[in-house]
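Student: Here it is, the structure in full.
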Amino acid sequence: MNYTFFDFLQLIGSLGVFIYGMKVFSDGLQKVAGSKLRAILKGMTTTRFRGILTGFGATTITQSSSTTTVMVVSFVNAGLITFLESTGVIMGANIGTTVTAWMVSIFGFKMQITPIAIMLIGIFFPFMFFGKEKLQNLAEAMIGFGILFIGLDFIKNGVPNISDNPEMFMFVDSFTEFGFLSILIFVLVGTLLTLITQSSSASTAITLVMLFQGWIDFPIAAAMVLGENIGTTVTANIAAIVGNVHAKRAARFHFIFNVFGVVWMLILLQPFLTGIDEVMSFFSPELGSVMVANSELQRANATLALSLFHTAFNIINVLLLVGFVPQIIKFVERIQKEKTSSDSKFRLQYISSGMMSSAEMSIQQAHKEIQLFAKLLEKMHFSFQGLFFKKQKKQEKFLKKIKKREQITDNIELEIAEYLTNISKFNLSDSATRKIRAMHSMINDMERVGDIYFQMSKTFEEMQNNEINLPEDASEEIGKMLDLLHKAIRLVRNNLDQDNGGFDLQKAIDIEKKINAMRDELLEKHYKRLEDKSYSNKAGFIYLDYMNRMEKIGDHLFNVSEAIAGRKVKSAYATVMEERK
């Protein structure tokens, strides 16, 4: 046997180049698409057929059905779309992933693409360092496209030649002599190949190369493609492990839907392959049957036939099963039952399912999580107001709420910070880097706001335990300051919803100035009460503590608005000081 371990390592390296090229190509396309990709994904919440088109479009852009299905699982986990709405996108992703096979079979085997790929890299490489950001992203995609096909050429050359390795061919061929059992064996091989490579595109490329080199015939290649259809569902199921029950159901649906498709196709495989053969013979009668491919031209034609089989199978599978989606959903719900105890626990809604496939998408997920963070702070504000002004019998409930929510804010800051750090591992644009730094600043200030509300609740608890009461006018003053803080929180929430950096910071400056001015005014009243002995030193100390902490909350909220805007302004406090001169 002439094939050595060194040759095997070269083949693995060639596969690595192909997968790396596919990743760079996919990342570049997603950066070019940017907000368009998000717009496509927003269209998934209407009809089932529109969802299918959405899944097809998203997978065509990302060049990865796994990416699309993982995104869908994440959105279901976040409650952005329902389990039912996700089914159309998943079905469309199955069709979209066949585009890769066509691209490989047309460019990789029907024409000499390697010189063109190298030329593309030469043309676009300079734009990685010059020009606008969009042009840099396009250059990245084109370089990835070039690397992808260079990797494919390496794979073609790395697969051992049949004539030089008759023993190896006989070993592979021995598994094709068991009739229908051989088909099942190679379905399993296709599944395992996708599990190992974690890429249906890579496993499909390997299958096409094996068919082109004559290691397997057309029916066996078709069986491997069916197996790859099952293997590609594993990535989404892995992503769903950390998701809620609805995310798990979306992933299980993908698996069951694809398995159902493989089962009916296995029953009708022979007549279906005959039909594909007839179609190919009609368009290329001079090349003969794809079932018997001896020359290089015939084998290249067989790779096109396999791409046609892949596409036809997925389209027909969707058309056949789309009417049975409600029944499949009921079956999935029976095997993946809801567990209230585990699914009611707190979890981050948008980023608990892991990273998105691009920095652009991941940053959007993190931003949505920060929006929820701000909403939680508003709830803490209401809880403190309830604690301070409601009847005594409800105070214990508010204390527990504030304590629980403060613990949640700690978890949120930690998890979002870790997520943002992981995003930083991407090849980021300048604007993306600025956004991530701003988000780190936001979550730090927001966590401090949560801490301060909790500290004020502990101060209130201490005040109650020591039976210290504030005069009515002092309590009213604290109420007025809390009202101003609520306006600041609402402004932060509104600013986060805009997320364009173009809003006017003047409102935030005005509120910050009012908070500082009110703090100064109330301090004068505090000292006057101490002088008049309207309350004790202990009561005065508690009142002063409230004032200082609430002013600090205002500062942190103003910092958040600055971070959202992406620019620092002259501090409102400094402005007030200047106005007094």
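The values are calculated or read from the model by the stated rules, or taken from the named source; none is laboratory data. Keep in mind it's a predicted model, so treat the numbers as computed, not measured. For neighbour counting, all protein chains shown are included, and Cβ atoms are generated from backbone atoms with ideal geometry for every residue, glycine included. The area values use the complete protein model at the heavy-atom level, side chains included, leaving out ligands, DNA and RNA. Shrake-Rupley method; radii C 1.70, N 1.55, O 1.52, S 1.80 Å.
Student: Counting other Cβ atoms within 10 Å, keep those with at most 13, restrict to DSSP loop, and tell me which GluC sites (Glu not before Pro) in the stretch 439-548 are left.
Tutor: Answer in residue order: Glu467.
Student: A further question on this structure: Cross-link list Lys393/Lys525; Lys337/Lys425; Lys458/Lys533; Lys134/Lys507: which exceed 27 angstrom alpha carbon to alpha carbon?
Tutor: Pairs exceeding the cut-off: Lys393/Lys525; Lys337/Lys425; Lys134/Lys507.
Student: Label points 7 Å out from Cα along the Cβ direction at Phe130 and Ile116: separation in nm?
Tutor: Placing both labels 7 Å beyond Cα along the Cβ direction yields 2.6 nm.
Student: Aspartates and glutamates near Lys538 by alpha-carbon distance under 12 Å, same-chain residues fewer than 8 away left out - which ones?
Tutor: Those aspartates and glutamates meeting the cut-off are Glu462, Glu467.
Student: A further question on this structure: Determine how large the accessible area of Leu319 is when every protein chain is in place; take a 1.4 Å probe and give Å² rounded to the nearest 10.
Tutor: Surface accessible to solvent at Leu319 totals approximately 120 Å².
Student: If you don't mind, another one. Filter the chymotrypsin sites (Phe, Trp or Tyr not before Pro) in the stretch 90-156 to those in DSSP coil with at most 11 other Cβ atoms within 10 Å of their Cβ, and list the result.
Tutor: Counting only loop positions with at most 11 other Cβ atoms within 10 Å, the chymotrypsin sites (Phe, Trp or Tyr not before Pro) in the stretch 90-156 are Phe129, Phe130.
Student: Using a Förster distance of 41 Å, how high is the FRET efficiency between Phe175 and Val325, based on the Cβ-Cβ distance and rounded to 0.05?
Tutor: With a Förster radius of 41 Å, E is 0.70.
Student: Can you work out the Karplus-derived ³J(HN,Hα) for every residue in the stretch 385-397? Use 6.51 cos²θ - 1.76 cosθ + 1.60 with θ = phi - 60°, whole Hz, and x for glycine or proline.
Tutor: Computed from phi, the couplings for the stretch 385-397 are 4, x, 4, 7, 10, 7, 5, 4, 5, 8, 5, 4, 5 Hz.
Student: Also: Mind checking which aspartates and glutamates have their C-alpha under 16 Å from Lys394, skipping anything on the same chain fewer than 8 residues away?
Tutor: Counting by Cα, and skipping residues close in sequence, Lys394 has these aspartates and glutamates nearby: Glu461.
Student: Would you check the accessible area of Ile267, probe 1.4 Å, heavy atoms only, in square angstrom rounded to 10?
Tutor: Only protein atoms counted, so the area is about 130 Å².
Student: Sequence neighbours fewer than 8 away in the same chain don't count; with that in mind, list the aspartates and glutamates whose C-alpha is under 18 Å from Lys514.
Tutor: Output for Lys514: Glu476, Glu477, Asp483, Asp504, Glu524, Glu551, Asp555, Glu562, Glu578, Glu579.
Student: Between Glu531 and Leu195, what is 0.36 nm times their sequence separation minus the Cα-Cα distance? Round to one decimal in nm.
Tutor: 113.2 nm
Student: Something else: Count neighbours as other Cβ atoms within 10 Å of each site's Cβ, and list the chymotrypsin sites (Phe, Trp or Tyr not before Pro) in the stretch 466-541 that are DSSP loop with at most 13 such neighbours.
Tutor: In loop regions of the stretch 466-541 (DSSP not H, G, I, E or B), there are no sparsely surrounded chymotrypsin sites (Phe, Trp or Tyr not before Pro).
Student: A further question on this structure: Distance between the C-alpha centers of the stretch 518-546 and the stretch 367-443? Whole Å please.
Tutor: Spelled out, the Cα-based centre of one part sits 31 Å from the other.
Student: Evaluate E = 1/(1 + (r/R0)^6) for Lys391 and Ala417, where r is the Cβ-Cβ distance and R0 equals 41 Å; express this FRET efficiency to the nearest 0.05.
Tutor: So the FRET efficiency works out to roughly 0.55.
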